[in-house]
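Visitor: Questions regarding the structure given below will be posed in turn.
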Amino acid sequence: MKDFQESIYKLIVETSTRLPADVQSRIEAARLKEDEGTRSALSLATITENIRMADCNVSPICQDTGMPTFIIHVPVGANQIIMKAAVRQAVAQATRDSILRTNSVDSLTGANSGDNLGPGTPVIHFEQWEKEEIDVRLILKGGGCENKNIQYSLPCEVEGLGKAGRDLDGIRKCILHAVYQAQGQGCSAGFIGVGIGGDRTTGYELAKHQLFRPVDDVNPIEDLARLEDYIMEHANTLGIGTMGFGGNVTLLGCKVGVMNRLPASFYVSVAYNCWAYRRQGAVLDAETGAFKKWVYEPSPSAAAVVTESDSQEKQEGGREIVLTTPISEEQIRSLRVGDVVIVNGLIHTGRDALHHYLMDHDSPVDLNGSVIYHCGPVMSKDEQGEWHVKAAGPTTSIREEPYQGDIMKKFGIRAVIGKGGMGPKTLKALQEHGGVYLNAIGGAAQFYAKCLKKVEGVDFLKEFGVPEAMWHLQCEGFAAIVTMDSHGGSLHAEVDESSVDKLARLKDKVF
Ligand SMILES: O=C(O)C[C@H](O)C(=O)O
Ligand code: SF4
């Protein structure tokens, strides 16, 4: 097994930095389905550019490299103990090389293990089979879309759709609702895996397993093939669009599996995966572990991908405003939903741990007129001890809803950049205080890293770990869209309202 570890490392690099061809072609098709010049079309152009950059830079497509989950099929007699140790070493090496973000956190203390190893991480499942080769599949599914997974226990009442019974039509309602409830927060347009039956644990497992199916396969069970087609057609009438900006394409793939259940239970489990659907597999030689071939066709090389890199400019009706930090209240009050803002100057990252901390502590730096970026970057340190941003897209902002308004007021923060939008408490605070919410494109980690020119410093690195630390970054030309303004306007509230109406149109029995 001398080559096994190296093959696993190669698989991790491929998975984190290049989307397979089936995934990429769905994204490209979505881009063509969106009307030219709309926010969704331009966001998909940014996403396409980001995919190209990740490939060229051999760097993570998205900064959240997720929970590394391996499913390994081995011939009878393979030594799984040795293989497991090699997988763990390859994961640690990929983390040192900034291909994976340090993503393993002690649930009680919040301490980051720093190498992606810890109780429960990475996830490694072994299966034996009769074939004379090893098949290793890997999925890197990030935390934001994982938070949008949902499990239904039938029969139940589904918002917008009424009663969902223990039949195919009840299942249909659950899946439609699962897409609706994710809104833009799981970086739509997304892919879903659905597990029907099992118990609460195996139902979710089955759902995740569906994400290993090729995007273009046809379900061998006729009823489920019909259900998948129906969902693909109708989930795309909800109008949620890319990042929840509104648009024609909300769902890029739907795969449904079924297993037996207990008489008393009927679960429908949905695993929601963002557009950054990073899954790949490798077939390896059973004796040496040497790489033989990829399981999913890799994308054509980056040079062949056609891109439009001027995305986010000239948005539908929106103005483009350049803001340099520190920003005044007057400047903020002049902004409206739909404006494109180009941010320059010093900004600060802050997410869960920092927001919690700032509620009853002082800030280590002056935040008056500043911008907080909801982001947990991938960073690397060079030999001179200088930090560099390797990947830095936004994280889901709604997690900071309990804190955000209070913190903006307490420290005089004028803008937050994030993704997926925030709720009524923040919207009210933006009005009272004179603040704005700027939506960046989730997953576009290479695209934004390019704007983060210099690391001026960092606080709480030891205490919170790399993703949660407060990084002080000089940025240049960071484009984001105003989706919540200081006049009570919220694009997220609008899209939510209109999509629940559209969901309700799908109430009538189909199956
Ligand atoms: O943790 C992150 O960087 C992002 C997360 O995947 C998210 O979607 O919010
Ligand atoms: S930030 Fe978005 S694209 Fe990245 S892992 Fe989270 S949900 Fe996926």
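The values are calculated or read from the model by the stated rules, or taken from the named source; none is laboratory data. All values reported here derive from a predicted model rather than from experimental measurement. Glycine gets a Cβ as well: all are built from the backbone with ideal geometry, and neighbour counts include every protein chain shown. Ligands, DNA and RNA are stripped out before the accessible areas are found, and what is left, the full protein with its side chains, is counted by its heavy atoms. Shrake-Rupley method; radii C 1.70, N 1.55, O 1.52, S 1.80 Å.
Visitor: If a residue must be free of Cβ contacts under 8 Å to residues at least 40 places away in the same chain and surrounded by 17 or more Cβ atoms within 10 Å (Cβ to Cβ), how many such residues does segment 93-126 contain?
Guide: Number satisfying all stated conditions: 4.
Visitor: Further question: So, restricting to strands (runs of 3 or more DSSP E) that lie completely within segment 326-437, which ones have at least 3 residues that are farther than 16 Å from ALA479 by Cα?
Guide: 378-381, 387-391
Visitor: What pairs come up if the first residue lies in segment 398-421 and is within 16 Å of GLY244 (Cβ to Cβ), the second is among the charged types (D, E, K, R), and their beta carbons are under 7 Å apart, counting only those six or more places apart or on different chains?
Guide: Sorted first by the residue in segment 398-421, then by its partner, the pairs are ARG399/ASP352; GLU401/LYS425.
Visitor: Every residue in segment 11-42 that is over 23 Å from GLY318 (Cβ atoms), part of a loop (DSSP other than H, G, I, E, B) and touching a Lys or Arg at 6+ places or on another chain (Cβ under 8 Å), please.
Guide: Within segment 11-42, LEU19 is the sole residue that qualifies.
Visitor: Looking at (1) of a type outside the set (Gly, Ala, Ser); (2) at pLDDT below 95; (3) in contact with a Ser or Thr (Cβ under 9 Å, 6 or more places away or on another chain), find the lone condition where LEU335 falls short.
Guide: Exception for LEU335: condition (2).
Listed here are the residues, each with its yes/no results for (1) of a type in the set (A, V, I, L, M, F, W, C); (2) buried (at least 24 other Cβ atoms within 10 Å of the Cβ); (3) within 13 Å of ligand 2 (Cβ to nearest atom); (4) not assigned by TED's automatic domain parsing to the domain that holds MET243.
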residue: ARG399; (1), (2), (3), (4): no, no, yes, yes
residue: ALA415; (1), (2), (3), (4): yes, yes, no, yes
residue: GLY421; (1), (2), (3), (4): no, yes, no, yes
residue: THR426; (1), (2), (3), (4): no, yes, no, yes
residue: GLY434; (1), (2), (3), (4): no, no, no, yes
residue: ALA444; (1), (2), (3), (4): yes, yes, yes, yes
residue: CYS451; (1), (2), (3), (4): yes, no, no, yes
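Visitor: Sticking with this one: Which one is least open to solvent (accessible area, probe 1.4 Å), of the residues in segment 134-154 that are part of a strand (DSSP E or B), away from ligand 1 (no atom under 16 Å from the Cβ) and over 22 Å from VAL91 (Cβ atoms)?
Guide: Going through segment 134-154, the residues part of a strand (DSSP E or B) turn out to be 134-141, 150-153.
Now narrow it down to the ones that are away from ligand 1 (no atom under 16 Å from the Cβ): 134-138, 151-153.
Then keep just the ones that are over 22 Å from VAL91 (Cβ atoms); that gives 151-153.
Details: GLN151: 41, TYR152: 17, SER153: 54 Å².
Checked segment 134-154; the qualifying residue least open to solvent (accessible area, probe 1.4 Å) is TYR152.
Visitor: Additional query: Give SER499, SER486 a once-over and let me know the one that is outside the structural domain of GLN384 (by TED's automatic domain parsing) and among the hydroxyl-bearing types (Ser, Thr, Tyr).
Guide: None of the other options fit; the residue is SER499.
Visitor: Picking from ALA92, ALA86, ALA78, ALA54, which residue would you name as being away from ligand 1 (no atom under 16 Å from the Cβ) and under 27 Å from ASN147 (Cα atoms)?
Guide: Testing whether each residue is away from ligand 1 (no atom under 16 Å from the Cβ) and under 27 Å from ASN147 (Cα atoms) leaves just ALA92.
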